[in-house]
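Here the structure is laid out as structure tokens; the discussion comes afterwards.
All of the numbers you see were taken from the coordinates with simple rules; none came from a lab. All values derive from a computational prediction rather than experimental measurement. Ideal geometry is used to build each Cβ from the backbone, glycine not excepted, and the neighbour counts take in all protein chains shown.
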Amino acid sequence: MALLEVEDLRVSFATPDGQLDAVRGLSFTVESGKTLGIVGESGSGKSVSTQAIMGLVRGARISGSALFDGNDLLTMDSEALRKIRGAEIGMIFQDPLSSLHPYYRVGWQIIEMIRAHDSSIAKDTARTRAVELLRLVGIPQAENRVDDFPHQFSGGMRQRAMIAMAMALNPKLLIADEPTTALDVTVQAQVLEVMKRLQEEFGTAIIMITHDLGVIAEVADDVVVMYAGAVMEEGARDTIFYDAHHPYAEGLLLSLPGYGTRERLVPIAGQPPSLISLPEGCPFRPRCPYAFDRCTETPPLLDVGDKDDHGSACWLPADRKARAGMRHQPATKRPVAKRAAKK
Amino acid sequence: MTTGTSGDVLLRATDVVKHFPVRSGSIFRRAVGAVHAVDGVSLEVRQGETLGLVGETGCGKSTLARCITRLYDLTSGTVEFDGADISKLGASAMRPYRREMQMIFQDPYGSLNPRRRVGSIIGDPFAIHGIASGQDRRRRVQEAMELVGLNPEHYNRFPAEFSGGQRQRIGIARALALRPKLVICDEPVSALDVSIQAQVINLLSDLQKELNLTYIFIAHDLSVVRHVSDRVAVMYLGKVAEIGPSEDIYQKGRHPYTQALLSAVPVPDPRKMEGRARIVLAGDVPSPLNPPTGCRFHPRCPKARDTCVSEDPPLIPRLGDPPIHAAACHFPVEVGEDISLSTPQISESERVIEGGLIGNA
């Protein structure tokens, strides 16, 4: 059985402009010891879906199920959920400065985290554990730095302290929401390294939420590509990177600068749709270079390719060649600046 | 650097230094130290080229850009623009040059006043420099909007009615309205989603060709910098560690820091990632309040030796590199050398790592 099984998750908010469907029927599974990468742009619902699972979203209508170790997190009472949150499922967020309390020492915050879940642990024991954790995530002179305030830590150290805190109770699942987005690449490399090492050592499952396909390529075993609140494509990492089926997944990969070439980039035309008034049928249809008649009907996640874990919410044929033939002419050049050139 | 890409030198920075004093005491506010944000940078930018500026947070790349445009006064050094020394000009003498150099900022939300209409935002440069007014200004603003792919009919809309990518286009239209020669792009695509990023990068390169613009392109995304730049300068702690044609830097970087920085970039290609040796640097960037002696990179450098602790390496061509490729390193990396296997040849006690840490906020 998978560690976490999310089935048909829907999250919607009532706004003055109408109902906003942030997540529209999301399903995925996370296996123990594996990393699931969730990739998507802003507004794709990647963060709000995990926050909803953790009971951290207020004022939303949530439906579906999220079975963690066989128990549904969505129907659980808040007391039971609180016991799981932090202890069984750890979380790391993007901005480590606003996730740490500026008035309390880093060590104190880790100790509090440990004792909040098990008050029988003595303060001394918890402190020893805090030092151990900081050392584990590579904080130099952990026994001294444990008494520092968050502002005395650099950005990378803060994020590592957050990881230490999330790992304090040895959770089965770690949800990392853009954990390295605010960091420099060199520090990002260190943080990803720490996460990988911890996973190897403790067998923690990780959900890595990010917009950075490079990070996904580095850490994920399986990948879910989200757009406008729904899964566009899912599959093993290499399948997504080398055998993507969905035009959105393909478009994301194509829009990245090639390594060493300075050829013109191939952007995805247009902009993501408003979640209040989604286009009829496939949400990607207005931007899709392959769109055809059938796309006004919403495609379910269909099996494509020979691998049974590869699914794509697209009506296009599974065969790559047949697909290529259906692509419209590549987007024409920008129809502007003629007047400016004349000047 | 004598030879380079075509075109004359548009901008020359010579030994630019910018220190920010750190003050203490409640009444006299004595300066007790200085943040060495930019510490002796010399470089040239030629007409029509793109110079990429990369480095970690706090390396001084944005400060350097602000010194070049004289948004900051220099502590010492000179900046020549189009042959004229602008480093000591006063506000009014500086004004004609301001037309010629414009900036595009990172945050398309913070850099546009939410309560003003787009037409008036883009019209600002005309108003400030007293160039066109009335119908004429409106026409020229709409031309600028068209230039960047915005619908000129949206003249009367507010920034909030535009998406992030479109807002960045507004910022670009404002910067280009007066047809500057030099545009400094400070993280122009970092706040945008991947699919929108490509649109804006293409726009910037189209405009460069059409208007013969010169760019200084600052970004922390190294693959974007590689894509847009003719030449790249790698900065570390307020100094240029290495500068050269972009493919030279990316393929045969001489400075160990260049190599470490590039090896840390995650490549969206799992198969390529697997065989790659990653150089994980120990520790954090030292404090610019009290930079290390000698080569500033020595405390974290896998190739450091005693010379590196005592002598600051000059920025000169190394190992038979062409004159346009210079590195500030005593022991530059040779082709095929794997520095992830190197260990420093100096005793640990000499490596002054803890000098206080810079914050990220």
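Skipping prolines and chain starts, which residues have an amide H placed within reach, meaning under 5 Å, of the one on B:VAL232, given they are 5 or more residues away or on another chain?
Long-range HN contacts for B:VAL232: B:GLY52, B:GLY244, B:SER246.
What pairs in A:LYS321/B:LYS272; A:LYS83/A:LYS196; A:LYS196/A:LYS307; B:LYS61/B:LYS252; B:LYS18/B:LYS209 have C-alpha atoms more than 28 Å from each other?
Result: B:LYS18/B:LYS209 exceed 28 Å.
Net charge within 14 Å of B:LEU112 by Cβ-Cβ distance, Lys/Arg positive one each and Asp/Glu negative one each, not counting B:LEU112 itself?
With Lys, Arg at +1 and Asp, Glu at -1, the neighbours total +4.
D for segment B:144-285, whole µm²/s, Stokes-Einstein with Kirkwood Rh over alpha-carbon pairs at 10 °C and 1.306 mPa s: what number? Please report the intermediate quantities before stating the final value.
Details: Rh = 17.2 Å.
Value of D from the Cα-based Kirkwood radius: 93 µm²/s.
Tell me the Rg and the Dmax, in Å, that the Cα atoms of the protein assembly as shown produce.
Answer for the protein assembly as shown, Rg first and Dmax second: 26.5, 79 Å.
If R₀ is 25 angstrom, what is the calculated FRET efficiency for the pair B:LYS209 and B:ARG139, using the beta carbon separation as r and rounding to 0.05?
0.55
Taking the Cα centre as origin and putting +1 on Lys and Arg beta-carbons and -1 on Asp and Glu beta-carbons, what dipole magnitude results for the protein assembly as shown, to the nearest 20 debye?
2860 debye
Using only the alpha carbons, work out the radius of gyration and Dmax of chain A in angstrom.
22.1, 79
Mind telling me which of B:ALA264, B:ALA65, B:ALA233 comes out most flexible in a GNM of chain B, alpha-carbon contacts under 10 Å?
So, out of B:ALA264, B:ALA65, B:ALA233, the one fluctuating most is B:ALA264.
Which residues in segment B:15-54 place their backbone N less than 16 Å from a point set 7 Å from the Cα of B:LYS88 along the Cα-to-Cβ direction?
Only B:15-17 pass the distance filter.
If you line up the long axis of helix A:155-167 against the longest principal axis of chain A, both from Cα atoms, how many degrees apart are they, to the nearest 10?
With rounding to tens, the tilt is 70 degrees.
Going out from 0 in 5 Å bins, what whole percent of all Cα-Cα distances in segment A:1-134 drops into each bin?
Going from the shortest bin to the longest, the percentages are 2, 9, 15, 18, 17, 15, 12, 7, 3, 1, 0.
Pop a pseudo-label 7 angstrom from the Cα along the beta-carbon direction at both B:PHE28 and A:GLN141 and give the gap in nm to one decimal.
3.1 nm
Using θ = phi - 60° and the Karplus relation 6.51 cos²θ - 1.76 cosθ + 1.60, list the HN-Hα couplings for segment B:330-343 in order, rounded to whole Hz, with x at every Gly or Pro.
Once rounded to whole Hz, the list reads 6, 10, x, 6, 8, 4, x, 6, 9, 7, 5, 8, 6, 10.
May I ask which residue of B:LEU147, B:VAL118, B:ILE170 lies farthest towards the positive end of the charge dipole of segment B:38-177, with charges of +1 (Lys, Arg) and -1 (Asp, Glu) on Cβ and the Cα centre as origin?
Looking along the dipole axis, the top candidate is B:VAL118.
With the alpha-carbon atoms as the only input, what is the per residue convex hull volume for segment A:240-289 in Å³? If you can, show how the numbers build up before the last one.
Values: hull volume 4.6 nm³, N = 50.
Hull volume over Cα atoms, normalised by residue count, gives 92 Å³.
For chain B, modelled as a Gaussian network with Cα springs under 10 Å, which listed residue fluctuates most, B:HIS19, B:HIS154, B:HIS298?
Comparing B:HIS19, B:HIS154, B:HIS298 in the GNM, the peak value goes to B:HIS154.
Using the alpha carbons of chain B, what is the convex hull volume per residue in cubic angstrom, as a whole number?
Numbers: hull volume 57.8 nm³, N = 361.
Taking only Cα atoms, chain B has a hull volume of 160 Å³ per residue.
Of A:ILE175, A:SER120, A:ALA14, whose Cα points farthest to the positive end of the dipole of the protein assembly as shown (charges on the beta-carbon: +1 Lys, Arg; -1 Asp, Glu; origin at the Cα centre)?
A:ALA14
Please list, in chain and number order, the residues 5+ apart from A:ILE207 or on another chain whose amide H is under 5 Å from its amide H, with Hs placed from the backbone.
Result for A:ILE207 returns A:LEU36, A:LEU174, A:ILE175, A:ALA176.
Can you compute 3J(HN,Hα) from phi for each residue in segment B:32-44, using the Karplus curve 6.51 cos²θ - 1.76 cosθ + 1.60 with θ = phi - 60°, rounded to whole Hz and x for Gly and Pro?
Using θ = phi - 60°, the values come out as 9, x, 9, 7, 7, 5, 10, 10, x, 10, 10, 7, 10 Hz.
Under the definition of partner shielding as Cβ atoms of other protein chains within 10 Å of a residue Cβ, what is the mean value for peptide B:209-221?
Average per residue, whole number: 1.
How big is segment A:100-166 in terms of Cα radius of gyration and Dmax, in angstroms?
Values for segment A:100-166 (Cα only, Rg and Dmax): 10.8, 33 Å.
Assuming R0 = 25 Å, can you tell me the calculated FRET efficiency for the pair A:GLU193 and A:GLU132, based on Cβ-Cβ distance, to the nearest 0.05?
Values: r = 18 Å, r/R0 = 0.74.
Given R0 = 25 Å and the Cβ-Cβ separation, E is 0.85.
Given only helices, namely DSSP H runs of n ≥ 4 each adding -39500 (n - 2.57), what is the per-residue ellipticity at 222 nm of chain A, to the nearest 500 deg cm²/dmol?
Only helices count here, giving -9000 deg cm²/dmol.
Test of understanding: what is the full-extension gain from A:PHE149 to A:SER42, defined as 0.36 nm times their sequence separation minus their Cα-Cα distance?
That pair, A:PHE149 and A:SER42, stretches by 35.3 nm at full extension.
State whether segment A:211-312 is rounded, prolate or oblate according to the following rule on the C-alpha gyration tensor (a ≥ b ≥ c being the square roots of its eigenvalues): a/c under 1.5 gives rounded; otherwise a/b larger than b/c gives prolate, and the remaining case gives oblate.
Verdict is oblate for segment A:211-312.
Report the local net charge at B:CYS59: Lys and Arg +1, Asp and Glu -1, summed over other residues whose C-beta lies under 12 Å from its C-beta. It would help to have the intermediate numbers written out before the result.
Details: positive: B:LYS61, B:LYS239, B:ARG296; negative: A:ASP184, B:ASP39, B:GLU56.
Around B:CYS59, the charge tally is 0.
How would you classify segment B:110-163 from its alpha-carbon gyration tensor, with a ≥ b ≥ c the square roots of the eigenvalues: rounded for a/c under 1.5, else prolate if a/b is greater than b/c, otherwise oblate? Walk me through the intermediate numbers first.
On the way: a/c = 1.99, a/b = 1.32, b/c = 1.51.
Oblate, because a/c is 1.5 or more while a/b does not exceed b/c.
Which residue, A:LEU81, A:GLY55, A:ILE111, has the largest displacement toward the positive end of the dipole of segment A:42-114 when charges sit on each Cβ (Lys, Arg +1; Asp, Glu -1)?
Working it through, the farthest residue towards the positive pole turns out to be A:GLY55.
Computed FRET efficiency, Cβ-Cβ of B:ASP15 and A:THR261, R0 35 Å: what is it to the nearest 0.05?
Step by step, r from the Cβ atoms, then E = 0.45.
When the dipole is taken about the Cα centre of segment A:100-166, and only Lys, Arg (+1) and Asp, Glu (-1) are charged at their Cβ, what size is it in debye, to the nearest 20?
Once rounded to the nearest 20, the dipole reads 100 debye.
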